[in-house]
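Student: Sending over a structure as structure tokens; questions will come in a sec.
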Ligand SMILES: Nc1nc2c(c(=O)[nH]1)N[C@H]1C(S)=C(S)[C@@H](COP(=O)(O)OP(=O)(O)OC[C@H]3O[C@@H](n4cnc5c(N)ncnc54)[C@H](O)[C@@H]3O)O[C@H]1N2
Ligand code: MOO
Ligand SMILES: [Mg+2]
């Protein structure tokens, strides 16, 4: 987990107006029924409860902290903050919430979501649902509720309430739920599941039950066992919810290898890299001119020292005070000098140098390490290397880097109607456009792509192809047959296999999205309509594969641009319209939003993203424009 690059308190949640909350794991309590000690440090499935909980919360929040008292060293190295209670006497979870709010307030956050450290299976979409509940019901606080009851340690708390909470604690309030009710709390409902999503570990028997629930086979998959489950049993999941859930359920699956810089572009760094040497390694000249000691300038001409300093051929001697030495760009500054005058500002005559413009001390020099200090961290693990990064690595003397092995991705098309574009097709046949498009996308993202061809609408054939393909692949992308029709065999087969989650996302285009596993290989079942396949690939497949490949889950950065169009949008699905930027800085949209019109993809250079709510857009209104480059597409 890296948090350093995700602590921007200003980042807005994709779905709504609220900034992404900070997260606090509550571990202040005493594990009396476990016989004392820290419950957070109990082992479950090869890691601590704390690691389980942190792994689940981290993707859902802007920054993470652990609320715990006593010696922080017992938790070992953590890459997030530890905040102890600020009020004495361990006043239960309320004091933990207050400590979290104080921590978040100091960092500029508006909200905190708390979770309990002893509850390893809490929902992967906890945070978006709490936010949604608070916003929908217009309440400051939101608490989680499941068939087992209300879970007040799983709540969304506004930083603005922290003084009220401090006062309540001082007045002797100890009950989280009662205080929340007083302030105004909405409830986020989570469906029944086994075990309950908020199953918490209080006794050794509970721990045994949790271990049994974590089937050992599942520990080896790249997916958290229960996180590919449907985000919403009925109705549509929001894009933000679906993304948060997907993110929480995936882990890196690729191995590590060492490559030279010539092969490094396009690869993902597996380890942090530090500079083997400073850049520049020693002070050198930024100009062609003359080097001298600034302190020895007297107004009189400088005496020219015999010799020169050139890049790769430094001057071996010392330049005495009152003297100057000929020097060239990139050459080491000779001993005795600290300043360079460019030759255009001098006249040299009879062994003397006159300065026609006096430079400031140390002018025209590039001091040791001004770019990068020796040992400084240069690039962090998860960084995708491109030519700029490779150049930097070379400059600091790093010739080989540990990178992730490429993620092996297969691309499959399905449908009886599909034929290759070089055949004479009947009007009832469709040229397979999605496969080359998706292959190009995945290859551009740096993955090792296998073309799995095309399978007709035949369940046995599809099963055979998936069986064969899954052996050597880390992920499979299919397109077509993702919807609910009789001929939607991908969806039917995956459902038969039992692992499927048919997600219906409040997204246009791209409502049907299948997420599944075939023999433990994640399968992304994209819709057949080409624009829908492209859009879901950008929004879900791109960040998901990046994470699996050992990279970062990337959030696209958008621009707010004036609309160059008029539009009336109905409430319901979040829309991604094919769009392009005009020379005058406005953004225009494609003439149609039909998801079969693939010409619009080549016409566009990005999306205009419109929220779920209904909206009227007139020319000049600000709209959010997302360039396709933000989805890892170079053109
Ligand atoms: N009753 C309902 N029908 C549909 C719904 C729904 O909710 N209820 N959703 C619609 C939406 S939205 C979409 S998107 C599509 C998704 O379709 P499928 O994923 O099931 O895909 P197919 O039915 O196989 O094909 C749809 C369309 O795309 C063409 N196609 C498929 N593969 C390719 C390819 N490789 N290259 C080019 N074109 C391809 C296919 O020929 C169809 O025209 O479902 C709606 N229906
Ligand atoms: O959601 Mo479908 O993707 O509109 O064509
Ligand atoms: Mg269909």
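Since every read-out is calculated from the coordinates, none of them should be taken as a lab result. Keep in mind that this is a model prediction, so the values were computed, not measured. Please note: Cβ atoms are built from the backbone with ideal geometry, for glycine as well, and neighbour counts cover all protein chains shown.
Student: Between rounded, prolate and oblate, where does the stretch 483-586 land on the alpha carbon gyration tensor, with a ≥ b ≥ c its root eigenvalues, rounded for a/c under 1.5, else prolate if a/b exceeds b/c?
Tutor: Because a/c hits 1.5 or more and a/b fails to exceed b/c, the stretch 483-586 counts as oblate.
Student: What Kirkwood hydrodynamic radius do you get for the stretch 284-366 when you take the inverse of the mean 1/r over all pairs of distinct Cα atoms, in Å?
Tutor: Across the stretch 284-366, the inverse of the average 1/r is 12.0 Å.
Student: Starting from a Cα-only point model with no solvent, please compute log10 I(q)/I(0) by Debye for the stretch 46-147 at q = 0.17, 0.21 1/Å.
Tutor: Rounded to two decimals, the profile gives -0.86, -1.30.
Student: So what's the convex hull volume per residue for the Cα atoms of the stretch 559-631, in Å³?
Tutor: Here the figure is 89 Å³ per residue.
Student: Follow-up question, since we're still on this one. At 4 °C and 1.567 mPa s, what whole-number value in µm²/s does Stokes-Einstein give for the translational diffusion of the stretch 3-204, with Rh from the Kirkwood sum over Cα pairs?
Tutor: It diffuses with D of about 77 µm²/s by this estimate.
Student: Still on this model: To the nearest Å, what is the center-to-center distance of the stretch 558-635 and the stretch 416-441, using C-alpha atoms only?
Tutor: 27
Student: Label residue 303 and residue 171 with points 7 Å out from Cα along Cα→Cβ: what is the distance between them in nm?
Tutor: 8.7
Student: Compute the long axis of helix 204-213 from its Cα atoms, compare it with the longest principal axis of the Cα atoms of the chain, and write down the angle in degrees, 0 to 90, nearest 10.
Tutor: Its long axis makes an angle of about 90 degrees.
Student: A follow-up question, please. Given the convex hull of the Cα atoms of the stretch 408-548, what is a quarter of its surface area in nm²?
Tutor: Convex hull of Cα atoms, orientation-averaged projection: 8.0 nm².
Student: Here is a further query. What do you get for the angle between helix 459-470 and the principal long axis of the chain? Use alpha-carbon atoms, 0 to 90 degrees, nearest ten.
Tutor: 40
Student: What share of the DSSP beta bridges in the chain is antiparallel, in percent to the nearest 5?
Tutor: Among the beta bridges of the chain, antiparallel pairing accounts for roughly 60 percent.
Student: Turning to a different aspect of this structure: In deg cm²/dmol, rounded to 500, what helix-only [θ] at 222 nm does the chain give when every DSSP H run of at least 4 residues adds -39500 (n - 2.57) and the total is split over its residues?
Tutor: Helices in the chain give a 222 nm mean residue ellipticity of -6000 deg cm²/dmol.
Student: Take the Cα radius of gyration of the stretch 250-394 and divide it by 2.2 N^0.38 Å, with N its residue count; two decimals is plenty.
Tutor: In units of the 2.2 N^0.38 Å rule of thumb, it is 1.44.
Student: Another question, if that's okay. Taking only Cα atoms, what is the 0 to 90° angle, nearest 10, from helix 93-106's long axis to the longest principal axis of the chain?
Tutor: 30
Student: Starting from the exponent 0.38 and prefactor 2.2 Å, build the expected Rg for the stretch 124-192 from its residue count and divide its actual Cα Rg by it.
Tutor: Values: Rg = 12.1 Å, N = 69, 2.2 N^0.38 = 11.0 Å.
Relative to the rule-of-thumb radius for its length, the stretch 124-192 sits at 1.10.
Student: Could you give the distance between the Cα centres of the stretch 105-128 and the stretch 382-399, to the whole Å?
Tutor: First find each Cα centre; the distance between them is then 36 Å.
Student: Strictly greater than 38 Å: what percent of every Cα pair in the chain meets that?
Tutor: The share of Cα pairs beyond 38 Å in the chain comes to 47 percent.
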